[in-house]
Amino acid sequence: MIVAHGSTVNPDSSAPTLAHAAEIRRRKVFADVECAFWKEEPSLRDALSLFDPKVVREVCVVPNFISEGYFTQTVVPRELELDGRLTKRSNGQIWQYCEPVGNHPSMADLLLHRAHHIAPNVDPGETSLLIVAHGTDLNENSAVAAKREADKIRALGKYAAVLNVYMEEPPLVADWRRLTETGNVIVVPFFISDGLHSYEDIPVLLGIGNGRSAHIRKATARQATTSRGARGEVFRRNPYKIDGRSLFYAPSIGTDPGFADIIIEQAGCRKVRKFGLSS
């Protein structure tokens, strides 16, 4: 069971979770794979009846969240009626509550994989890597998680500079020109899914977007689908040439196919990875 936030206004919010579930289902690692969301259907409450106890005796719940926080510590346990890490239902099912994907020790590997994927021909020694989180007290844990991953990657010494930057607190992603000195800059949003932040807000802060969020929020479902394709162009225009420097902008880390491997491992199933990340 993969649980995620979902959204009533952003149709892209649940897309990565559904895609990872489909990939895991295709591999036939588990008897069944389902998703549930806080803001979409099927809801977290619906999840209680998604698995037939006569067929499925154990359910591993993996939160598709970047970090521990209000949703993983309060909302999900409450809605799924979890007693802790292990919960025995009256029907005999055992529900295991796993760590969120963002806590997986290979998250740094996944960030490096994505950075290389969008800028495969640049010299890391002449490149700065920026990991962008939201920031502010409302997202304190995600900011801490971004710093943790930046520290781990920095310690490897692969890039000239590795910075954790934020949308709404220093160091600000908008200050990337001042914060970096290299000819190449790679920016990876540290979010589970692509949405207004990665499609528009961060590009505006980087100086590569035009910020039409108000129009997007008012779009109909059909218009939103069309806009998704148009907004995805922001990731396909790399590199952006700004002040004689090359800026590479990646989709949110949670959209990387390697998340399927991490979800499987967070559920306690150690399999050979498809996408070549380090063990």
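Residues that are within 30 Å of D32 (Cβ to Cβ), open to solvent by less than 50 Å² (accessible area, probe 1.4 Å) and of a type outside the set (S, T, Y) number at least 3 in the following helices (runs of 4 or more DSSP H) confined to segment 56-160: 76-79, 107-118. In segment 97-112, the residues that are under 14 Å from V61 (Cα atoms) form Cβ pairs under 9 Å with partners that are in a strand (DSSP E or B) and open to solvent by 10 Å² or more (accessible area, probe 1.4 Å), at six or more places apart or across chains, as follows: Y97/C60; Y97/L86; C98/C60.
Return only the number of the condition from (1) of a type outside the set (G, A, S); (2) free of Cβ contacts under 8 Å to residues at least 24 places away in the same chain; (3) over 24 Å from G209 (Cα atoms); (4) in a helix (DSSP H, G or I) that R178 does not satisfy. Of the numbered conditions (1) of a type outside the set (G, A, S); (2) free of Cβ contacts under 8 Å to residues at least 24 places away in the same chain; (3) over 24 Å from G209 (Cα atoms); (4) in a helix (DSSP H, G or I), the odd one out for R178 is (3).
Residues in segment 257-266 that are small (G, A, S) and at pLDDT 95 or above: A260 alone. Of the residues making up segment 74-89, one or more are polar (S, T, N, Q) and over 18 Å from F191 (Cβ atoms).
Filtered by the rule that a residue be within 20 Å of D261 (Cα to Cα), in a loop (DSSP other than H, G, I, E, B) and open to solvent by less than 40 Å² (accessible area, probe 1.4 Å), segment 1-43 gives M1, S13, S14, V33.
Per-residue answers, yes or no, for (1) at pLDDT below 95; (2) small (G, A, S); (3) open to solvent by 30 Å² or more (accessible area, probe 1.4 Å); (4) closer than 23 Å to S67 by Cβ:
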residue	(1), (2), (3), (4)
G229	yes, yes, yes, no
I242	no, no, no, no
A250	no, yes, no, yes
T255	no, no, yes, yes
K271	yes, no, yes, no
S278	yes, yes, yes, yes
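Against the list (1) in contact with a helix residue (DSSP H, G or I) (Cβ under 9 Å, 6 or more places away or on another chain); (2) at positive phi, the condition L80 fails is (2).
The values are calculated or read from the model by the stated rules, or taken from the named source; none is laboratory data. Just so it is clear, the structure is predicted and the values come from calculations on it, not from any experiment. Virtual Cβ from ideal backbone geometry, glycine too; neighbours counted across all protein chains shown. Heavy atoms of the whole protein, side chains included, go into the accessibility calculation; ligands, DNA and RNA do not. Shrake-Rupley method; radii C 1.70, N 1.55, O 1.52, S 1.80 Å.
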